[in-house]
Amino acid sequence: MLRVGIDASPLTRRHYTGTEWYLWHLISELAKIPTEIALEWILYLPHERLTKKLILPKNWRFKTLWWPISRFWLSGRLSIEMAVNKPDLLFVPANALPPIGGKKSIVSIHDIGFVPHPEFYSREGQRHLVRSLKRAKRMADRIITPS
């Protein structure tokens, strides 16, 4: 059975914008894949509060990965999970892969406006986005660019 992990942390945000809706609709469509196909889906969350309802079949499950601080969940806690319990495929819907990924990793990169227009970003934000993009290019087996 192929185990597919998805960073579902955007689905815990109070207000949905592009990335959150992208992920919600993507999961809603993937959930239509017949359960007879040997897939196990794991949705990784930083806490149990999902802000929009999802109806999922029996081969889908949520896994809450507790982290004591509000920052660095992806690079810290999700990386620890990948080191200990690596899925066959990890999908991250928003620009940055954790330092330790799945056996295979896919990332969606929605925007690289920080490259041609660094003046619109703080120094710290710019550095973070550049590091994330470089890590994605180095680690991802596939990169999805929906826009």
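The values are calculated or read from the model by the stated rules, or taken from the named source; none is laboratory data. Everything numeric in this text was worked out from a predicted model, so none of it was measured. When we count neighbours, we look across all protein chains shown, and the Cβ atoms used for this are built from the backbone with ideal geometry, even at glycine. The accessibility values were calculated without ligands, DNA or RNA, using every heavy atom of the protein model including side chains. Shrake-Rupley method; radii C 1.70, N 1.55, O 1.52, S 1.80 Å.
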Margin query: For the list (1) surrounded by 12 or more Cβ atoms within 10 Å (Cβ to Cβ); (2) closer than 21 Å to P98 by Cβ; (3) β-branched (V, I, T), I need the number of the one condition that T51 fails.
Written below: (2)
Checklist line | Selected residue (only one of L54, L50, L65, L43 is of a type in the set (A, V, I, L, M, F, W, C), within 23 Å of P146 (Cα to Cα) and within 15 Å of the chain's Cα centre (by Cα)) | finding: L43
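The rows are residues; the columns are (1) in a helix (DSSP H, G or I); (2) closer than 21 Å to A136 by Cα.
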{"position": "R14", "(1), (2)": "no, no"}
{"position": "K63", "(1), (2)": "no, no"}
{"position": "L78", "(1), (2)": "yes, yes"}
{"position": "K86", "(1), (2)": "no, yes"}
Next item on the list: Of all residues in the range 111-128, count the ones that are part of a loop (DSSP other than H, G, I, E, B) and either at pLDDT 90 or above or more than 16 Å from T19 (Cβ to Cβ) (or both).
Entry: 5
Check: Which of the following residues is at pLDDT below 95, closer than 25 Å to K137 by Cβ and part of a loop (DSSP other than H, G, I, E, B): I69, I100, I55?
Finding: I100
Note to self: Suppose we filter the range 75-110 for residues that are touching a Ser or Thr at 6+ places or on another chain (Cβ under 7 Å) and either surrounded by fewer than 20 Cβ atoms within 10 Å (Cβ to Cβ) or farther than 19 Å from L39 by Cβ (or both); how many remain?
What the structure shows: 9
Next item on the list: State which residue pairs qualify: first residue within 20 Å of D7 (Cα to Cα) and touching a residue at least 40 places away in the same chain (Cβ under 8 Å) and inside the range 108-137, second residue open to solvent by 100 Å² or more (accessible area, probe 1.4 Å) and assigned to a loop (DSSP other than H, G, I, E, B) in any location, beta carbons under 7 Å apart, and separation of 6 or more residues or different chains.
Entry: H110/S147
Next item on the list: Could you tell me whether T35 is open to solvent by less than 60 Å² (accessible area, probe 1.4 Å), hydroxyl-bearing (S, T, Y), more than 22 Å from D111 (Cβ to Cβ) and not in a strand (DSSP E or B)?
Entry: yes
Notebook entry, point to check: For the range 57-72, does any single residue satisfy the condition of being touching a residue at least 60 places away in the same chain (Cβ under 8 Å) and open to solvent by less than 80 Å² (accessible area, probe 1.4 Å)?
Noted result: no
Margin query: Can you say whether G113 is over 13 Å from the mean Cα position of the chain (by Cα) and either farther than 21 Å from L11 by Cα or of a type in the set (F, W, Y) (or both), as far as the supplied structure shows?
Written below: yes
Next item on the list: Tell me which residues, restricted to the range 36-56, are under 21 Å from Y22 (Cα atoms) and either of a type in the set (S, T, N, Q) or without any contact (Cβ under 8 Å) to a residue 24 or more places away in the chain (or both).
Entry: E48, T51, K53
